[in-house]
1. Quick one: is Val170 without any contact (Cβ under 8 Å) to a residue 40 or more places away in the chain and either open to solvent by less than 10 Å² (accessible area, probe 1.4 Å) or over 23 Å from Ile303 (Cα atoms) (or both)?
2. Checking Val267 against (1) open to solvent by 10 Å² or more (accessible area, probe 1.4 Å); (2) among the β-branched types (Val, Ile, Thr); (3) touching a strand residue (DSSP E or B) at 6+ places or on another chain (Cβ under 7 Å), only one condition comes out false. Which one?
3. Check Gln165 against each of (1) within 12 Å of the chain's Cα centre (by Cα); (2) in contact (Cβ under 8 Å) with a residue 40 or more places away in the chain; (3) in a helix (DSSP H, G or I); (4) surrounded by fewer than 24 Cβ atoms within 10 Å (Cβ to Cβ) and name the one condition it does not meet.
4. For region 143-165, check the following and say yes or no: at least one residue is farther than 27 Å from Asp196 by Cα and aliphatic (A, V, I, L, M).
5. So, Gln84, is that one surrounded by fewer than 15 Cβ atoms within 10 Å (Cβ to Cβ), within 21 Å of Ile61 (Cβ to Cβ) and either of a type in the set (S, T, N, Q) or modelled with pLDDT of 85 or more (or both) or not?
6. So if I check each of Val285, Val314, Val310, Val293, which one is in a loop (DSSP other than H, G, I, E, B), in contact with a helix residue (DSSP H, G or I) (Cβ under 8 Å, 6 or more places away or on another chain) and of a type outside the set (Phe, Trp, Tyr)?
7. Please go through region 93-125 and give me each residue that is at pLDDT below 85, of a type in the set (Gly, Ala, Ser) and within 13 Å of Leu59 (Cβ to Cβ), ordered by number.
8. Using the structure shown, decide if Arg198 is under 24 Å from Ala300 (Cα atoms) and in contact with a Ser or Thr (Cβ under 6 Å, 6 or more places away or on another chain).
Amino acid sequence: SKDTSSIATSIDAAISSKDLADVKAACALCTTDAYDIATLELLHDKSSARLIESPEIALMIKEALAEGYIIEQSDVAKGAGILQPLINPKASAQATQISDDLVLRASVKMIELFCFAEEFVQAETLMTRCTKHIRYHSDKDLKVRFNCTQAQIHEFKRRFTEAAQRFYEVSVNDPTQAVDALRRSAVCAILAEPTDARARIVSIIVNDDRAKSLDALLPIMNKIQQMRFLRGQDSDIIKQFVINDSQKTGSPSILDMALLTHNIKAVSQVFYNISITELASLVGVTADEALRVVASMISAGKINGTIDQVEDLVTFHSSRDDESGRKDAKIANLCNSISQLHESLKLKYPQLTAVAAK
């Protein structure tokens, strides 16, 4: 057990010295193995009166105590209350002493804790407030932490293409998360709807030098890039990498629907027309389900086609049907290649994007 008296002594010395390293060491004493909430509260009380003098020290202590309340006691409201004076400084008497940088750092920490507690609605609300401020911030580590929370929120909200993009950025910019973030990016890309944006992030991941670390996911990613069918064995492999059980269970599950829409998209690349009954047999669902999903995909613009229910026929329209269409397709492919290159450069060199935006 921890020696409370020695910790209290180190707390007094740390706060008096106003040295961030000393305060960090004192906080570490309270968070090693388990959170010593009582001592953290003592540390917080002693530092609160000095918020004006040492706001960064106050932030470090508040972060540790908020973590303790949320991670150790599962008390989200109490944890949020600790950081609230820094997140909303206008409500504090010391508002003029709290910098925008400190507000942003406290906000990112609170978003991380909301994500840990799976309070994604509150996390997204706070994330939206921070987005415009984080873009030009100079702290790379803070940006990586923010991108990681963004990815988690997008994933929870089933915005899988956006989640894949953010996880990929994290994999590029944070060596400690490179493999895990790249895998999560790949899984989100697999679960995403079959759009051009999804095709771009799939291409970026597959062509990344680190793609071999995806192991069993890499052949599946190659199939998606090449618009080939995904089978039952592919689904079994993907399930091993899906973190959220709700994404691989249910009727139909998110994973089942992702594979179904991908396979219908793959059919549209091969067939000019096909009966609904035959399509249903190819993708492994009932005719009614195939009809419903195809109609939804056509309505959303994910595939280009028409349905003739009288003839039990789906006709897929393509630019390959005439010469002008083929020219349009070549232009579209060129634009898509340029777009993929742009996305790849933007993800690997975000500083260039920030400079260009200015």
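1. yes
2. (1)
3. So the condition that Gln165 fails would be (4).
4. If we filter region 143-165 for residues that are farther than 27 Å from Asp196 by Cα, which is where we start, we get 145.
With aliphatic (A, V, I, L, M) added as a condition, the list becomes none.
Among the residues of region 143-165, not one is farther than 27 Å from Asp196 by Cα and aliphatic (A, V, I, L, M), which makes the answer no.
5. Here the answer is no, as Gln84 does not meet what is asked.
6. On the way: Val314 fails: in a loop (DSSP other than H, G, I, E, B); Val310 fails: in contact with a helix residue (DSSP H, G or I) (Cβ under 8 Å, 6 or more places away or on another chain); Val293 fails: in a loop (DSSP other than H, G, I, E, B).
The match here is Val285.
7. Selection gives Ser99 alone.
8. Working: under 24 Å from Ala300 (Cα atoms): yes; in contact with a Ser or Thr (Cβ under 6 Å, 6 or more places away or on another chain): yes.
Criteria met by Arg198.
The values are calculated or read from the model by the stated rules, or taken from the named source; none is laboratory data. Predicted model only: the values in this text are computed from it and were never measured. Heads up, the Cβs are rebuilt from the backbone with ideal geometry, glycines too, and the neighbour counts pull from every protein chain shown. Ligands, DNA and RNA are stripped out before the accessible areas are found, and what is left, the full protein with its side chains, is counted by its heavy atoms. Shrake-Rupley method; radii C 1.70, N 1.55, O 1.52, S 1.80 Å.
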